Amino acid sequence: MREAVLIGAYTNTIEKELTLVETILDWKKYNLPVILSTHYPVNSNIQNLVDYYIFDKEQYLDPAIMNQHIYSCSSFEIVADFDRPYHAPAALIAYQNAIRLLDNKYDFIYLQDYDVVLNKNKIFEYTRSSEFLKYKMFMCNWYNIPDSYATNIIFFRDNYFTKLWGDIRIPKDFLDLVRSTGNNNLLIEGLAKRLIDVKNLKDDVFIFSNEQRDEFLGEFTKHMADNNVPRIYLASTTQNQYILFIINSTGREIDFHLSGWEFITNKILNKNIRLHGNLCMYWTVYNENTKLTVTYENNKKIYNILPGEIYKECNFVFRDSTPIKCK
């Protein structure tokens, strides 16, 4: 069986480049050809490490394709737009560029994002076993999101990747694919699950159990760019007040300072908050005619809350008895 490795990468920092090099060198230990396909250029030293390098200089993060952050706990849920275009369509197109170039040169492809850490020998126990020859594709569940499959780790035979995703060349193709499932949710992990259902591919795709996944998966992603900074949102309520949410989804503890004053009462606002990492959340409510500054580390966000002003930085819903509703 002719096997190869396909790695996708967006290495816009030195740390990410080092991770990519580690991933390439680790795969090279198994004497498999390595294909690298990106929509962000890599230096010539990295290019020389791989057997094929594909760079799509025309591929960009399309501002027309935005996804959402969803933060949830037992008492409330917050939904807010990403502050930059959704990365997944460009990454998917980069993979398709490589697959078109290879043109069935290989029988089996191990596809992964550059920052996924895998136990290769554990994977081979499945992909090289006669027991699993009937399967055309191997996928696993995405962490913490139901009805979603990881798209940064996919192993497949006989160009089955294109059978699942179609021939994606431009961002519009991705949007058309989303609409074809009858659901406009752009999240690619949920889209993968819907496509398998809609195209009736269940018999061809082996979904690793969570226990099997955890045996071969060291890290799902070493570089979660969207989690490197906390999120601060202000939203209007139906009670003509304003609710502030602070979410610390980083891996570190962060101190926040809330300061300002109420214009009419001259009440001074001064509060320190320490939020632990890994999705610790805080909320509080303010009245109109308030100047508010949220400061953390070397960053600040300033609000001048004037009468009648509407803030929609996020939508929210309380699941408990809290009598606050989003306007």
Single condition S74 does not satisfy, out of (1) closer than 18 Å to I153 by Cα; (2) more than 16 Å from the chain's Cα centre (by Cα): (1)
Selected residue (only one of Q112, Q47 is more than 20 Å from D176 (Cβ to Cβ), surrounded by 12 or more Cβ atoms within 10 Å (Cβ to Cβ) and free of Cβ contacts under 8 Å to residues at least 12 places away in the same chain): Q47
Among the residues of the stretch 3-43, write down those that are surrounded by fewer than 15 Cβ atoms within 10 Å (Cβ to Cβ) and either in a helix (DSSP H, G or I) or not assigned by TED's automatic domain parsing to the domain that holds Y110 (or both). I14, E15, L18, E22, L25, D26
From L195, L234, which residue is modelled with pLDDT of 95 or more, outside any helix (DSSP H, G or I) and buried (at least 18 other Cβ atoms within 10 Å of the Cβ)? L234
Among the numbered criteria (1) at pLDDT 90 or above; (2) under 30 Å from R231 (Cβ atoms), which one does D107 miss? (2)
(1) part of a loop (DSSP other than H, G, I, E, B); (2) more than 22 Å from T23 (Cβ to Cβ): which one isn't true of T151, the others all being true? (2)
Just to be sure I understand, how many residues within the stretch 77-102 are assigned to a strand (DSSP E or B) and within 12 Å of the chain's Cα centre (by Cα)? 0
Counted residues in the stretch 307-327 being in contact with a Phe, Trp or Tyr (Cβ under 8 Å, 6 or more places away or on another chain) and either farther than 28 Å from I264 by Cβ or without any contact (Cβ under 8 Å) to a residue 40 or more places away in the chain (or both) come to 3
Just the residues that are β-branched (V, I, T) and either over 15 Å from N152 (Cα atoms) or in contact with a Ser or Thr (Cβ under 8 Å, 6 or more places away or on another chain) (or both), please, taken from the stretch 196-219. I196, V198, V205
Just for the stretch 152-186: of the residues that are surrounded by fewer than 18 Cβ atoms within 10 Å (Cβ to Cβ) and among the aliphatic types (A, V, I, L, M), which one is nearest to the chain's Cα centre (by Cα)? L175
Which members of the stretch 154-191 meet the condition of being among the aromatic types (F, W, Y) and either touching a strand residue (DSSP E or B) at 6+ places or on another chain (Cβ under 8 Å) or part of a strand (DSSP E or B) (or both)? F155, F156, Y160, F161
Restricting attention to the stretch 140-149, which residues are out of contact with any Leu (no Cβ under 8 Å at 6 or more places or on another chain), in contact (Cβ under 8 Å) with a residue 40 or more places away in the chain and either surrounded by fewer than 23 Cβ atoms within 10 Å (Cβ to Cβ) or not assigned by TED's automatic domain parsing to the domain that holds G8 (or both)? N141, W142, Y143, D147
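The values are calculated or read from the model by the stated rules, or taken from the named source; none is laboratory data. Worth saying up front: this structure is predicted, and the values here are computed from it rather than measured. Positions of Cβ are backbone-derived with ideal geometry, glycine not excepted, and every protein chain shown enters the neighbour counts.
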